[in-house]
Every structure is written in C-alpha cells, then in structure tokens.
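Data first, discussion second: the structure below is written as structure tokens.
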Amino acid sequence: MGSKQIAQETFDEAVQENITEFEMEPEEAVREAVLQFEAQGVDLSNIVKAVRPPASENGQRQKHQILLTLEGLARAVAEQDVAQLPQQLAALAAQCKEQLAFRCLAGRNGAYAAVLSACQLAAGDRELLLQALAALAALLDGQPDLLDAAGRELLLRSLRERRGDAEVALAGIRCVRHACLKHEHNRQAFVQGGVLPVLTGAITGALARHGSAAELVRTAASALRVMTFDDDIRVPFGHAHDHAKMIVLENDGLRVLIEAAKAFRDNSAVLSELCATLSRLSVRNEFCQEIVDLGGLNFMVTLLADCMEHPDVVKQVLSAIRAVAGNDDVKDAIVDAGATELIVLAISHHLGNPQICEQGCAALCMLALRKPENCGVIMEGGGALAALQAMKAHPREVAVQKQACMLIRNLVSRSRELCGPILALGAEVLIAEARAAHRDCDDVARAALRDLGCQVELRELWTGQRGGLAQ
C-alpha cells in the first residue's frame, strides 16, 4: 500500500476528467482513476471510489450521498429537531458501516461534532441515545483520533448512569472499543476515567441475563482485551502491562472472565473472545496460577475437547494454554490434565489452518521448555510428528515454521535421547528448508539443527564494516 494520500476532491476531479475529456463510462472512469493513482503509490483506502453526482442546472457541484446525509443530521441537531434525528442517525450509521472511505469522508466534514451533539441531545431519551451511540460507534471504527475529552466523558457517564441497561451498555462499549484500538492516549484516558470496573461490571451484570446478553459479554471482553494492546506506533511505550495488572488485581478480571465462560459454554463466539482476553491477562506467574486455581485450566481443556470442530475457539484456547504455560508449575498441571494429546489432536484435525498449527506448536513448545519430563509425554503423544506435518503443510507460513523449529529444539535440548526418533521423522530436511526459505527462521532453525546433532553451516553476513563478514 502506498504512503501518499490525496483529497477526495482530487480523486473526484480525476474521475470527472475521465468522463468529460476521454468519454469514459462512469464505472470505467472510476477504475481508471484508481489505477492512475495507485500507479503513483497513492493510498486510496480513505477515498470514496464512486462517481460524484453531476452538477445541478445552475452549475453547483453535487456531493456524495454521505455528505448529504451529514448535512441533514447537522440541520436536525442545530434545530434540535428530535423527530428527524432518528432517521438521520440511522442513515449515517448505515453508510458509515459500508466502508472506511465513507467514514473518513464524513469524519473530515464534521460528522463527529454532529453525532456528539446528537448524543448530548438524546441524554434523556433512551431510544434516541441508542441510535446516537450506534452512529458514533460506526463513525469511530478505524478513526479513533476523532474522539475528544467531551466524547470520552459522555461515554463514561452514559455507561455508569445506565449500567443496568444491556442495550445501552453494548452500544457504549462498542464506541469505547473502537476509540481504543491503535490509540494509546484514548486507552489511558479511559482507564484513568474508570472504564475497567465498568467493563467487568457489564460482564458480571450480563450473567444474570444470560441468553440475551451474550453479545454484551463478548464485546465487553473484547474491550478489556483492547486495553492490554500496545498497537499505537505513535507511542514508544504503552501501558499494556499496567492495564492487564489493573484488570486482574483491582477488578477481579480473571474470575469474572472464567465465570462468564462457564455461563456461556454453548456460545462459541463468546468463548473465543473470553479465551483471547484471558491470554492477554496471563502476564505474571501468579496470574497464570490463579487461572488454574479458579478452574480455568480444567475448563479450557474441556472446551478444547468439546469444541474441536470450531476453529476459532480451538485457536483461542490454544493461545490461552500457551500463555498460562509461562508458569513452570502450570506446565505440569496442563500435562497432567491431558491437554498434550488434545493439542496434538487439534493440530492434526486442523492441519490446513496455519493459525491453529502455529498456536498448537507454540503451546507444545512452552510445555517442553525447561521440562524434560514433559518432552517424553509430548513425543509419545505424537507432538513432534504433528509439528513436522504442520511444517510440510505450510512451507510458506513463517510463523508455523518458526514455532515448529522452536518446539523441536525444546524437545531435544535437555532430552538428547529424542534426537534419533525425531531425525527419523525427517526433521533435518524440513528444518533446513525452513531456514533456507525464511530469514526470520535462521536463528531458531540453526539452533534446532545444532541440538539435533546435525552439521550446521553458519551463514556469512556482510556487516557493512571494514573486515566485513559476520557469522
């Protein structure tokens, strides 16, 4: 994708030029304009790729439909016309959901101020507030920079004042989640404003409503997980680790999530999100142990067995097992619970899914680390064979190759007697191929070959200095 950007007006003019001067049909004119700008390295992800309506009889340029909708909303807000607001908000939300380019165009033309004003006007009207929050969530998706202090305050106030209203909570939390993705400032501001107990409270409150609140639990768990991200490239150091500790220590987050998982054991979408969030919270040894003590490990093992046909759930459970296995004592508990065989089964059953293969190999890799007694269990359960099969199935997936190489190394580094059986499975050729194909695999592949007792040729790399070569 290119790094250059252009204004919507520039793109629209190029399309019109193609129509008027080169007599192209509208669709062809748009395609040609897209090709023209992309050839110049222009990023068109924020551009509406459509023909602007023709000029009116008096020569006045027409606008894209979303801008006309925005004008209608702005008028209704300015006139405080509560009767017109629902229709305008619904139209704007629907158009914003269509594509990022529509949201960007609306955002550049004052949509946030209009929607925020609509939210403020709707403070005492539940139905109108729901529509206003839905429009705000649609607008913020991919545009977290739009949210300001007034918007954060409004969202927090709405969530607190209507904490017993599942629909309002869901709409508000969606806004929070969109505002915090790839935006460290918003994350920190929301956490400082007290959003974490609001999110855990929403999950706890939803358990009493079970069936009708599944989406609320899923969205609130997702929002908690986003608070632990470090995905804003504009910020050198985020507070992801601090936020994870706050969720666990100050808001009883692990218990809340595990209880929710037990309550929604028949909902794969909810379970997938809860496991993903547990993974993000397993940042300290004591947190991993607490998950076991709360019954989370037994639940995850049961879930892996029961949901083997649901790849999303399998992937997230494997990720969670990998995370909690960072605690050496928990490694033993995982193996004792019979998870090793299930992990191998998951890899074999979903051999065509690179993400499951990666997470499965990574989980086994963690179980084998510093635990020679576990290496024998993994080997007997077919773990090495499953990892090599994953390497064969996904030769171009660097993450799969890397995790498989690391697993092989961990299996043999303290259990030399396993070298022969693993080499007999064809490991040397597969690891050498991974090393040759993927530069990112070089270190781990070389280490795996060395620990297997294979001859390893060190690559010579030019250092850019006199003397020049580094091994």
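Applying 1/(1 + (r/R0)^6) with R0 = 22 Å to the Cβ-Cβ distance of E127 and Q65 gives a FRET efficiency near 0.30. Residues in region 356-362 carry Karplus couplings, in order, of 5, 4, 4, 5, x, 5, 5 Hz; the curve used is 6.51 cos²θ - 1.76 cosθ + 1.60 with θ = phi - 60°, and Gly or Pro positions show x. Given a 1.4 Å probe and every protein chain left where it sits, what share in percent of the accessible area of region 52-169 is carbon and sulfur? So the carbon and sulfur contribution to the accessible surface is 48 percent. Counting only residues at least eight positions apart within a chain, or on another chain, the lysines with an alpha carbon under 19 Å from that of K4 are K49. The largest accessible area among D266, D312 belongs to the first residue in D266, D312, and the rest follow in falling order (1.4 Å probe, all chains). Think of the chain as a dipole: +1 on every Lys or Arg Cβ, -1 on every Asp or Glu Cβ, centred on the Cα centre; then among S282, S413, I19, S413 lies furthest on the positive end. Taken per residue, the accessible surface of the chain reaches 46 Å², heavy atoms only and a 1.4 Å probe. Rounding to the nearest 10 and keeping the result within 0 to 90°, find how far the Cα-based axis of helix 296-306 lies from the longest principal axis of the chain. Helix 296-306 sits roughly 90 degrees off the main axis of the chain. Distance between the 7 Å Cα→Cβ label points at A78 and D329: 6.6 nm. The relative contact order of the chain, computed from alpha carbon pairs under 8 Å that lie at least 6 residues apart in sequence, is 7 percent. Which of the three applies to region 286-425, rounded, prolate or oblate, going by the alpha-carbon gyration tensor with a ≥ b ≥ c and a/c under 1.5 meaning rounded? Oblate, because a/c is 1.5 or more while a/b does not exceed b/c. Its Cα centre serving as origin, region 308-406 has a Cβ charge dipole (Lys and Arg +1, Asp and Glu -1) of approximately 400 debye. Computed on region 376-449, the Cα convex hull volume stands at 68 Å³ per residue.
An ellipsoid equivalent to the chain, defined through the eigenvalues of its Cα gyration tensor, has semi-axes of 47, 32, 18 Å when rounded to whole angstrom and sorted largest first.
Counting only aspartates and glutamates at least 8 places from K392 when in the same chain, those with an alpha carbon closer than 18 Å to its own are E358, E428, E433, D440, D442. Take the Cβ atoms of L425 and D306, set R0 to 35 Å, and the FRET efficiency comes out at 0.70. Let's test the formula: R0 of 45 Å, r as the Cβ-Cβ distance of Q36 and H241. What FRET efficiency results, to the nearest 0.05? My answer for the efficiency is 0.45. For the pair R108 and F22, label points projected 7 Å from Cα toward Cβ lie 2.2 nm apart. Farthest towards the positive end of the charge dipole of region 199-273, among the residues M227, V217, I247, is the Cα of V217, using unit charges on the Cβ of Lys, Arg, Asp and Glu. When all alpha carbon pairs of region 1-121 are counted in 10 Å bins from zero, the resulting P(r) reads 13, 38, 31, 15, 4 %. Once the Cα atoms are used to define both axes, helix 26-39 deviates from the longest principal axis of the chain by about 50 degrees. In degrees, nearest 10, range 0 to 90: what is the angle between the Cα axis of helix 442-452 and the longest Cα principal axis of the chain? The answer is roughly 20 degrees.
A helix-only calculation puts the chain at -21000 deg cm²/dmol for mean residue ellipticity at 222 nm, using -39500 (n - 2.57) for each DSSP H run of at least four residues, averaged over all residues. Using a 1.4 angstrom probe on heavy atoms only, work out the carbon and sulfur share of the accessible area of region 230-385 in %. Percent of accessible area from carbon and sulfur atoms in region 230-385: 49.
The values are calculated or read from the model by the stated rules, or taken from the named source; none is laboratory data. Note that the structure is predicted; figures quoted are calculated from it, not measured. In this analysis, Cβ positions are derived from the backbone assuming ideal geometry, glycine residues included, and neighbour counts consider all displayed protein chains. Each accessible area value is taken on the protein alone, full model and side chains, heavy atoms only, with ligands, DNA and RNA left out. Shrake-Rupley method; radii C 1.70, N 1.55, O 1.52, S 1.80 Å.
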